[in-house]
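Bear in mind these aren't lab numbers, they're just calculated from the coordinates by the rules spelled out. If you're wondering where the values come from, they're calculated on a predicted model, not measured in any experiment. Counting neighbours? That spans all protein chains shown, and the Cβs are built from the backbone with ideal geometry, glycine included.
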Amino acid sequence: MAVFSGDWIGLAPAWLCWLVPFAGALIVLALGKISRKAMESIGAASVAASAALALVMATWIPGADFPIRLTAPWVELAGSSGDLPFPAIAFGILVDPVSIILANVVAAVGALIMVYSIRYMGEEPSTTRFWFLMDAFVGSMLFLVMSDNLVQMLFGWEGVGLCSYALIGYWYRDSKDPKSWLTTWVGEGNESYPPSHAGMKAFLMTRFGDVLMIAGVILLALSTGSFSFLEIAGRVGSGGSHPLLLPASVLILFGAIGKSAQLPLMEWLPDAMTGPAPVSALIHAATMVKAGVYLVARVFPIFYIAAAADPGLIRFFEIAAWVGAATAFVSATQAAVSTELKKVLAYSTVSQIGYMMLAMGVAGTMAEFYIGYAGGIFHLMSHAVFKAALFLAAGAVIHATGSRFMHHMGGLRKRMPLTFLGVLIPSLSLMGVPILFSGFWSKDMILEAVLESGNLPLLAVSLATVSITCFYTVRMVGKVFFGSPSAPAAAAVNGGGADGHHAGDPSPLMSLPVLALSAATIAMGALGVYEREWLARLLGGYIGSLVGVHGEIHLGDPAAQIMVSGASLAFIVIGAVPAYLIYVRGMRIPTWRPLRSIGSFFANRWYINRAYYALFVYPVFRLGGWIADRVEEGALRSAERSAQSSLLWIVGRLKKTHTGGLNENLIAALAGMILLVAMLLLVVVP
Amino acid sequence: MTLVCFVLIPLLLLPVIYFAGPRLKEKVGYAAAIAPLAGFAQTISLYPLLLNGERAFTEIGWANYLGLDMNFNLSVDGISLIYVLSISSVSAAVCLYSVKYMDHRISELGIEGKERGRAFSRFYAVYLAFYLGMVGAVISTNVIQFYIFYELILISTWLLIHMFGYGDKERVALVYFIWTHISGMLVLIGFVLHYMESGCISIASYQDLSGASYLLLVGFCVKMAVFGLHTWLPLAHGEAPTPISALLSPVTIGIGAYGILRMALPAVANLSLWIAIWAMVTIIYGGIVALGEDDIKRLLAYSSISHMGYMLLGIASITYVGSVGVVYHYLTHAFLKAVLFMTAGVLMMQLHGIRRISMMGGLAAKTPVAAFFLASGFLGLAGFPPFSGFNSKLMIFTGAFLGAGDQTYLVIVAGAAFSSILTVAYGAEAIRKSMFGPAKEGLNLEKAEVSMLIPIAAMLILSLAFFFLPWLVLVPLGG
């Protein structure tokens, strides 16, 4: 039945890399009851294997002639003549530099996280579900990355959503006892959520974006006649612009906004911290939230070409840029006041992804798109590495202190030196400290792109965000590792911790992944200057060949680079120094009223979360309950009953005429005869 | 094999079941399953023919009365094939599932001793009549035949609810009977009007717009329980014995969509925008009420209303893709809603009759299999891969966007697409409330019957299969 095209055997790593984790997931399911050791090994090994396969793909980059496609027919409406409006959906694999880079990031970081999970989840009673979902998650993500068309991407997309839903709500019991509350819930006060709630929230909110995205995909396919990325890109240029293209592009962007937790759909991610630490690392640093950025990178050529034909489409990129910048800023301010360790990292993730979105957006508005494009991808890579390290280290800290709150930590650097190192290096990278850390190079490349695009408000917002980023990062490190230990931390450190064990660095199986990721951050930073050039040439050349821009790739003038580096350095200092003084040196801050109210505004998440609940969640649920009780059970049932009783009343009345009395019967018979005669006359006479 | 077997086997089996029942007791259920299983096997055997783009046809001379060509003809084309496939497979699964369930239900009704066997024989004999009605309706070629089968569905299900239902079962059965009979009457008047106008009774003759088309449209919409005409459905599907709900809710009401596709399309074409609006309202209304509903069977019933809205949206588009999507969604909805109802039945048995979701909680740890079925069913219906709901919804929405003539229409379709988030919402909420959270105190759970879980798994596997092999649906429908 199926007709395969392309070299499926020679390019086996491109489809094996997602098939292996899926297979691993099934094996895990089978092994769950048999042997825990075997299950864990298979669970981790399958992802490690796909990392190896991804590495094989990376070796293709220098020589191959991209893009390479493998396709097999999947959905085709039979009996179709050539001009059938429903485009056939192929099952396809797209191998190009973008997908290869992404696959490597996902698989390699994923593999380290899986190794970490073996120990981290070691105390859980049964982990079959965990391993199954984690493997399926990595598989879905790689499937998404390698897919050649939008529909197939949606499978991976929904698969990732599904697994994240189940993993965020992994501790679905929602136990309220104080110990579990401290480690498995998220938030405080009115905005405190149990795992099952957080999972559902993530699910519904990303679904919100997905629904719009599906509509966008359908519109895009109908206006271009294909679902395939490359075919659409080949067709949008010719034959003028289609009026549905702009709505389609914006709807698709909403999918990315939902998945990548950008404004206005960012509220799910901070609450998704209810999952175990490896889940947070995998979903919220390395993979799932990057899917949105990847989607924008994938459709980039399509709308770049379309924008050349119809300038109206530049709005797609402008919206992306502004959404990214606004998100970066807003969530950075929230990170600056968060009380929970993992939540700081969560807000920070949202903020950093905002940068990537910004990079993709500004790239689309300029002729030298490759600076922004490569910057976005570069930042995606470096962020995946350092944020995964941060999440994993945070997991170790929470595990040791038995609390997710930073005020239950403090002074841990001596007790957990390796973990401290595993937080410090990635933190410096997150701040963008120059030269040695990957974050510096990637973030500066984005800032450079923003500068080159000449959009000064965007530049101002992104520079301000640099300061806030440094502030919250230093604050986090200070609160957790410096200062005097808080009571719970001290108790934990002295061996009287909640679960009675000694707080200290975790076992090597947990430390090594963190240190490996930290080392990778430094390696990427040390080679940063070459890396950025390599990425710009590679991606610039490749995307350029798709969009028909063939020119010299030049990476901006040195003056701009120095300016950007200088400015970002200045803003780093502006943010880092106050935080250092307050949270590391322990300087007292005067409580200044306006500052406090700004702080509480940030801590209340700008009231966005609350507004959503008040405007959408509660009213819809209440309306549903009201209709179910009052309308369906109440009004409609009573209408039915009154219809019944009125019918009975009429029948009862009619019954009364059956008196049996001779007189009445005679009168009725007479009336009937008169009626008959009248009818006969009426019929006969004319 | 001729198509007569589709109707002949249940017809011949029916008296056998009825008379063997008192002796075989619950085992008579397995015997009754022969009919739908044979139907399923025959559907599979028709596949090669249909994949070639042909159709199966059997002609039986019966009567030429009043100059009417009243031959008892049966035909299976693409649409009928998918319908027969869904009907026979779900009927077979439900039949096997119902053995243990009815055993339990009959004890619950206090039927003891000799009466038990008779109760089984009544149930399965009427069940076969029900199955016969559904299969007969979708392979009929003329409206008289169609009408006979159509009303047979009604009478048999009325009996089933009346005898074995829950709550105020006699009254519920009567409400169901009256409403569905209104549908039947409207349809019948439509048939008569059409005959008076054109002198034709063949289903294929319903190609032109006339007054009859509108009557048929409304009649079939009552059957589909679209918004405003739905009040009977939550009641009937909520109080019917659960296996019957599993068959009624997805399979039976979808026959309304079949009727519209075959006979009332001209009226739809004329009112496309209004029907789309009606569909959107149905989707939203069903979804919102499902969100607020606490009784799990009622919740599923409202969900069915919402899904009929999707099907109506596809019909309203009057496009080829949309219609294909409708038939595809019928299949999807049949499998997955059956999974959900059957799982609800399993839970009810495990929990000694508890149906309120708010009284459940934390069940995932105790019955992981049921939790898995419930989650798969809800998420599959919401359109998550790898369940066939993804394909069918994609096609319905593509068709709807394609059929949207102007901007208003486009907005309506977008609204309908957007409201599909409600489908996820009530599913996720029901899962969360029943399966997650702290375990409720005092819930003592019986072990689930494995023989009841197997049919559910089979339905789930079929739904997976039709995701991976879409050509099984698309090629036959291509003709």
Inset, instruction - Can you give me the span-like helices of chain A, meaning DSSP H runs with 18 Å or more of Cα extent along the axis and Kyte-Doolittle mean at or above 1.6? - result: A:12-31, A:97-120, A:245-259, A:417-431, A:508-526, A:558-579, A:662-684
Inset, instruction - Give the long-range amide H neighbours of A:V186: residues separated by 5 or more places, or on another chain, with amide H under 5 Å away, using H modelled in the peptide plane at 1.01 Å from N. - result: A:Y193
Legend entry - For the protein assembly as shown: Kirkwood Rh in Å [reciprocal of mean 1/r, alpha carbons]: 31.9 Å
Inset, instruction - Kindly rank B:422-432, B:442-452, B:249-259 from highest to lowest mean number of other beta carbons found within 10 Å of each residue. - result: B:249-259, B:422-432, B:442-452
Inset, instruction - Report ³J(HN,Hα) in whole Hz for each residue of the range B:442-459, in order, from the Karplus equation J = 6.51 cos²θ - 1.76 cosθ + 1.60 where θ = phi - 60°; Gly and Pro get x. - result: x, 8, 10, 9, 7, 6, 6, 6, 5, 5, 8, 7, 4, x, 5, 4, 4, 4
Inset, instruction - Would you mind working out the magnitude of the charge dipole of chain B relative to its Cα centre, with +1 at each Lys and Arg C-beta and -1 at each Asp and Glu C-beta, to the nearest 20 Debye? - result: 1040 debye
Legend entry - Farthest positive-ward along chain B dipole, Cα basis, beta-carbon charges - from B:L160, B:A375, B:V222: B:A375
Inset, instruction - Give the residues of the range A:241-258 whose amide nitrogen is closer than 18 Å to a point set 7 Å from the Cα of B:Q407 in the direction of its Cβ. - result: A:242-251
Legend entry - Mean Cβ count within 10 Å, highest first, over the residues of peptides B:78-86, B:408-416: B:78-86, B:408-416
Inset, instruction - Could you tally the net charge around B:P470, taking each other residue with its Cβ under 14 Å from the Cβ of B:P470, Lys/Arg +1 and Asp/Glu -1? - result: 0
Legend entry - Cα-based shape type of the range B:364-442, given that a ≥ b ≥ c are square roots of the gyration tensor eigenvalues and the cut on a/c is 1.5: oblate
Inset, instruction - Using θ = phi - 60° and the Karplus relation 6.51 cos²θ - 1.76 cosθ + 1.60, list the HN-Hα couplings for the range B:199-214 in order, rounded to whole Hz, with x at every Gly or Pro. - result: x, 10, 10, 6, 4, 5, 7, 8, 9, 10, 6, 7, x, 4, 4, 5
Inset, instruction - Kindly provide log₁₀ I(q)/I(0) values, in the same order as q = 0.08, 0.09, 0.13 Å⁻¹, from the Debye equation applied to equal alpha-carbon scatterers of the range B:4-477. - result: -0.43, -0.54, -1.19
Inset, instruction - Quote the FRET efficiency, to the nearest 0.05, computed for B:H352 versus B:F372 with a Förster distance R0 of 22 Å and r equal to the Cβ-Cβ distance. - result: 0.50
Legend entry - Reachable aspartates and glutamates from B:K366, criterion Cα separation under 15 angstrom, eight or more residues apart if same chain: B:E441, B:E446, B:E449
Legend entry - Filter on A:K179/A:K414; B:K337/B:K447; A:K33/B:K297 - keep pairs with C-alpha separation over 27 Å: A:K33/B:K297
Inset, instruction - Highest first, please rank the peptides A:426-436, B:329-339, A:610-620 by the mean number of other Cβ atoms sitting within 10 Å of their residues. - result: B:329-339, A:426-436, A:610-620
Legend entry - Cα-based reach from A:K290 at 29 Å (exclusive), listing lysines while leaving out same-chain residues under 8 positions away: A:K201, A:K259, A:K342, A:K343, A:K387, A:K443, A:K479, B:K393
Inset, instruction - For B:F57, enumerate residues with amide H under 5 Å from its amide H, sequence gap 5+ or separate chain, H modeled in the peptide plane. - result: B:V76
Inset, instruction - Quote the FRET efficiency, to the nearest 0.05, computed for B:L469 versus A:L424 with a Förster distance R0 of 60 Å and r equal to the Cβ-Cβ distance. - result: 0.65
Inset, instruction - At most 16 other Cβ atoms within 10 Å plus a DSSP loop assignment makes a site exposed; report the longest stretch of chain A without any exposed GluC sites (Glu not before Pro). - result: A:189-551
Legend entry - Quotient of Cα Rg and 2.2 N^0.38 Å for the range A:611-684, N being how many residues it contains: 2.36
Legend entry - Backbone HN-Hα couplings from phi across the range B:15-24 [Karplus 6.51/-1.76/1.60, Hz, Gly and Pro as x]: x, 4, 4, 4, 7, 7, x, x, 7, 7
Legend entry - Inter-label distance for B:S451 and A:A678, nm, one decimal - labels placed 7 Å from Cα along Cα-to-Cβ: 6.9 nm
Inset, instruction - Evaluate Rg over Rh across chain A, taking Cα atoms for both radii and Kirkwood's formula for Rh. - result: 1.14
Inset, instruction - Post the alpha-carbon centroid distance, the range A:308-344 to the range A:360-435, in whole angstrom. - result: 18 Å
Inset, instruction - Within a 10 angstrom radius of each residue's Cβ in B:229-240, how many Cβ atoms of other chains show up on average? Whole number is fine. - result: 2
Legend entry - Cα centroid separation - the range A:122-142 against the range B:294-337, whole Å: 33 Å
Inset, instruction - Express as a percent, rounded to the nearest 5, the fraction of DSSP beta bridges in chain A (both residues included) that run antiparallel. - result: 100 percent
Legend entry - FRET efficiency, A:A567 to A:V529 (Cβ-Cβ, R0 30 Å, nearest 0.05): 0.95
